[in-house]
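Everything on this sheet refers to the single structure shown next.
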Amino acid sequence: MKRALLTTACILAATAASAGEDSTLSIEGEDYITQTAAPEHMEYVDTIYSGWTFRTDETQALQMDDFDNPAFVFLDQAIDQWDTVEGSEGKSCSSCHEDVADFAGLKTSLPRVENGELVTLTNLVNECVTERMGSKEWKYSGAKMSGMTALIAHQSRGMTMNVKIDGDAAPFWEQGKELYYQRVGQLDMACSNCHEDNYGNMIRADHLSQGQINGFPLYRLKNAKINTTHGRFKGCMSNIRAVPFKEGGPEFKALELYIASRGQGLSVETPAVRN
């Protein structure tokens, strides 16, 4: 039998810590899907919930107002970068792509397979940076890359996640699933131990979510900057005293695909605000 969202005790804890699973994320008059039926491939969970659901009222409110959302400072910087000429070819992002809004919908389908390789949004940006602009590759979770990927992903805000997991994507998805349930590190823990077995519970001062990535890249109050998906994976592995995989490496890319598939049907929230 699939696991229910929260036990009675967890519901009480959630009520105290946040607005709860019945609250509605609404931005500029548009309501977002923050809970929906779990995808068929999820065996132990009936309903999936955005990480927004598990945040405090104050943190939720920050995301509900673009003026208050601290992530938009970094998106403004990315807009400037969009028009900045860089590299030997004398080009900027806008030299080839007239309007960043043209990327609406891209976030919903990533990662995806191209020419037999699993690629992320970061890979696509770096392809332009190196091959079309003639510049050095941007650091995977560096300031320029996290801001630019947040800006591009933001164009899909309100659309629902819908990554491909069959066909040529299936082997990568299976690898990601295996990693999700694989225990690692000195604490001998897997992603599933927190985000499937214990979501809704409190761990130290934090409220465990399902670990959905529909809001990434997002702003974390903890470090006051835009955080990437692979950066968060790396942080989780460090927290359980495991040696993290390389950001942008095959392991994290496969894991990103699998976790993205666990959020099928949730609205893209980029840039979300989290603890």
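Test each condition in (1) among the charged types (D, E, K, R); (2) closer than 30 Å to ALA205 by Cβ; (3) in a loop (DSSP other than H, G, I, E, B) for GLU89 and report the one that comes out false.
Of (1) among the charged types (D, E, K, R); (2) closer than 30 Å to ALA205 by Cβ; (3) in a loop (DSSP other than H, G, I, E, B), only one is false for GLU89: (2).
Could you say which residue among LYS164, LYS177 is charged (D, E, K, R), part of a loop (DSSP other than H, G, I, E, B) and in the same structural domain as ARG262 (by TED's automatic domain parsing)?
LYS164
If LEU124 satisfies every condition in (1) surrounded by 16 or more Cβ atoms within 10 Å (Cβ to Cβ); (2) assigned by TED's automatic domain parsing to the domain that holds ILE226 but one, which is the exception?
(2)
Which one is farthest from GLY215 (Cα to Cα) among residues in the range 61-83 that are out of contact with any Ser or Thr (no Cβ under 7 Å at 6 or more places or on another chain) and without any contact (Cβ under 8 Å) to a residue 60 or more places away in the chain? Break it down into steps so the answer makes sense when it comes.
First, pick out the residues of the range 61-83 that are out of contact with any Ser or Thr (no Cβ under 7 Å at 6 or more places or on another chain): 61-63, 65-81.
Imposing the further condition that a residue be without any contact (Cβ under 8 Å) to a residue 60 or more places away in the chain reduces the set to 61, 65-68, 73, 76, 80.
Working: ALA61: 15, ASP65: 15, ASP66: 14, PHE67: 17, ASP68: 17, VAL73: 17, ASP76: 18, ASP80: 22 Å.
So the residue we want is ASP80.
Are any of the residues in the range 22-42 farther than 15 Å from TYR199 by Cβ, at pLDDT 95 or above, surrounded by fewer than 16 Cβ atoms within 10 Å (Cβ to Cβ) and of a type in the set (Ser, Thr, Tyr)?
yes
Under the condition of being closer than 25 Å to THR36 by Cβ, among the hydrophobic types (A, V, I, L, M, F, W, C) and out of contact with any Pro (no Cβ under 9 Å at 6 or more places or on another chain), which residue from the range 235-262 is surrounded by the fewest Cβ atoms within 10 Å (Cβ to Cβ)?
The qualifying residue surrounded by the fewest Cβ atoms within 10 Å (Cβ to Cβ) is ILE259.
Determine which member of the set ASN214, ASN223, ASN275 is under 17 Å from the mean Cα position of the chain (by Cα), within 24 Å of LYS144 (Cβ to Cβ) and surrounded by fewer than 17 Cβ atoms within 10 Å (Cβ to Cβ).
One residue alone meets the criteria, ASN223.
The values are calculated or read from the model by the stated rules, or taken from the named source; none is laboratory data. All figures in this text were calculated on a predicted structure; none of them were measured in a lab. Here Cβ is always computed from backbone atoms with ideal geometry, including for glycine, and neighbour counts include all displayed protein chains.
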